[in-house]
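*Asks:* What follows is a single structure, and I will ask about it in a moment.
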């Protein structure tokens, strides 16, 4: 049995050493990501308007604080009146008893033992009420709207008046919750803290010709703010005792900065023309036996040259002639494809990898149906490398098609 397994492994290794080897060439090139929502071509400028929704929250907090102070004052006044009435009743009762005692004593009354009548004991009074502490609200700090405006840069457009209007309403940070996690044991015990929060931003984009084209409340989900690690949870409590105000100011500043950056990314994904980087593989073949693969090398070189031109313009027109030429070279090679003979110059493995190359070219030619059909051929070729490659492509292909059809 061991001899059979050893023979089988030897045969596999022999076949691998004597098979055509694919060159996985890493290729990187830029392209302009088209928007999901197209702004009219005549509108080349955008204006950012900032609203400070958190200030309304400050007003609400201050109003609630005043209401709580009023309630506390009224509650204290009621407690003080009750205290005063109680003390007055106790004192009245004491004075009444003292009057009786004094009258009887002056009349010569004594106890049954002939001793002077005992003087009434001074009464105990309840503790006076304490004015309740009404903690001042933690107000949101003002945020310079120029910082917000500098954080927004819509690619493909110029900041200025007379075009699109992007309105951002900065809402207050909320749902702040500090979470403690214990790690390790014994002397190596550590307490890791993080802070969860939400900080939504209301976003609205409108144009003079199209009206509102995008309205969204962003970032309603929880976000996380990393904090320090402590050897004792009481060290953290001491820190918060001394730095609570500073901590919340730093948290708010961090959350706002992140929210503006994320909002910029979101708006660019929706309407901007963002320069992206595509990293992929374009395949060629190493020298094998007496076969000449210079035509594959030429096709590979032509493909790479064509792909480097894609980022020159939005519609990829600068690259189209080169893409056509590269596709023609690969198509000529595929006329020799023989997927039934593993020893053929263009066998099943090479054919499948060329199909991956052709699909890459066609997707940038915006031949989406053809690109997907070619990718499916590679996916179902039975060639593992081609299958792995093809499985990674659909999400990109779908996004490119969706964006192209919005714009062209």
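The values are calculated or read from the model by the stated rules, or taken from the named source; none is laboratory data. Being a predicted model, the structure only gives us computed values, none of them experimental. Please note: Cβ atoms are built from the backbone with ideal geometry, for glycine as well, and neighbour counts cover all protein chains shown.
*Asks:* Can you tell which of 237, 231 is in the same structural domain as residue 191 (by TED's automatic domain parsing), more than 17 Å from residue 195 (Cβ to Cβ) and over 20 Å from the mean Cα position of the chain (by Cα)? Walk me through how you get there before you give the answer.
*Replies:* On the way: 237 fails: more than 17 Å from residue 195 (Cβ to Cβ).
The conditions single out 231.
*Asks:* Further question on the same structure: Given the criteria buried (at least 17 other Cβ atoms within 10 Å of the Cβ), in contact with a strand residue (DSSP E or B) (Cβ under 6 Å, 6 or more places away or on another chain) and at pLDDT 95 or above, does residue 203 qualify? Even if it seems obvious, please write down each step before you answer.
*Replies:* Numbers: buried (at least 17 other Cβ atoms within 10 Å of the Cβ): yes; in contact with a strand residue (DSSP E or B) (Cβ under 6 Å, 6 or more places away or on another chain): yes; at pLDDT 95 or above: yes.
The answer is yes for residue 203.
*Asks:* Moving to a separate point now. Could you identify the single residue in 282, 260 that is in contact (Cβ under 8 Å) with a residue 24 or more places away in the chain, outside any helix (DSSP H, G or I), in contact with a helix residue (DSSP H, G or I) (Cβ under 9 Å, 6 or more places away or on another chain) and crowded, with 17+ Cβ neighbours inside 10 Å?
*Replies:* Values: 260 fails: outside any helix (DSSP H, G or I).
On inspection, the qualifying residue turns out to be 282.
*Asks:* For residue 196, state whether it is outside any loop (DSSP other than H, G, I, E, B) and more than 20 Å from the chain's Cα centre (by Cα).
*Replies:* Spelling it out, it is not the case that residue 196 is outside any loop (DSSP other than H, G, I, E, B) and more than 20 Å from the chain's Cα centre (by Cα).
*Asks:* Of everything in the range 241-257 that's loosely packed, with under 12 Cβ neighbours inside 10 Å and either outside the structural domain of residue 159 (by TED's automatic domain parsing) or without any contact (Cβ under 8 Å) to a residue 60 or more places away in the chain (or both), which residue is farthest from residue 185 (Cα to Cα)?
*Replies:* Checked the range 241-257; the qualifying residue farthest from residue 185 (Cα to Cα) is 246.
*Asks:* Inspect all residues belonging to the range 213-222 and state whether any of them is farther than 30 Å from residue 165 by Cβ, at pLDDT 95 or above, assigned by TED's automatic domain parsing to the domain that holds residue 173 and not in a strand (DSSP E or B).
*Replies:* The answer is yes, given that some residue of the range 213-222 is farther than 30 Å from residue 165 by Cβ, at pLDDT 95 or above, assigned by TED's automatic domain parsing to the domain that holds residue 173 and not in a strand (DSSP E or B).
*Asks:* For the range 52-61, does any single residue satisfy the condition of being modelled with pLDDT of 90 or more and touching a helix residue (DSSP H, G or I) at 6+ places or on another chain (Cβ under 6 Å)?
*Replies:* Scanning the range 52-61 turns up no residue that is modelled with pLDDT of 90 or more and touching a helix residue (DSSP H, G or I) at 6+ places or on another chain (Cβ under 6 Å).
*Asks:* Provide a single number: the residues in the range 171-192 that are modelled with pLDDT of 95 or more, outside any strand (DSSP E or B) and surrounded by fewer than 17 Cβ atoms within 10 Å (Cβ to Cβ).
*Replies:* The total comes to 0.
*Asks:* Has the range 145-158 got any residue that is closer than 19 Å to residue 262 by Cα, surrounded by fewer than 12 Cβ atoms within 10 Å (Cβ to Cβ) and assigned by TED's automatic domain parsing to the domain that holds residue 230?
*Replies:* The answer is yes, given that some residue of the range 145-158 is closer than 19 Å to residue 262 by Cα, surrounded by fewer than 12 Cβ atoms within 10 Å (Cβ to Cβ) and assigned by TED's automatic domain parsing to the domain that holds residue 230.
*Asks:* Let me ask another. Taking residue 353 as meeting all but one of (1) touching a strand residue (DSSP E or B) at 6+ places or on another chain (Cβ under 6 Å); (2) modelled with pLDDT under 95, write down the number of the exception.
*Replies:* (2)
*Asks:* Okay, moving on. I'd like to check which helices (runs of 4 or more DSSP H) are fully inside the range 286-393 and have at least 1 residues that are in contact (Cβ under 8 Å) with a residue 60 or more places away in the chain, over 25 Å from residue 405 (Cα atoms) and in contact with a helix residue (DSSP H, G or I) (Cβ under 8 Å, 6 or more places away or on another chain).
*Replies:* 294-307, 348-364, 384-391
*Asks:* Please work out which residue is nearest to residue 87 (Cα to Cα), limiting yourself to the range 129-170 and to residues that are without any contact (Cβ under 8 Å) to a residue 60 or more places away in the chain and in a loop (DSSP other than H, G, I, E, B).
*Replies:* Once the filter is applied, the top-ranked residue is 129.
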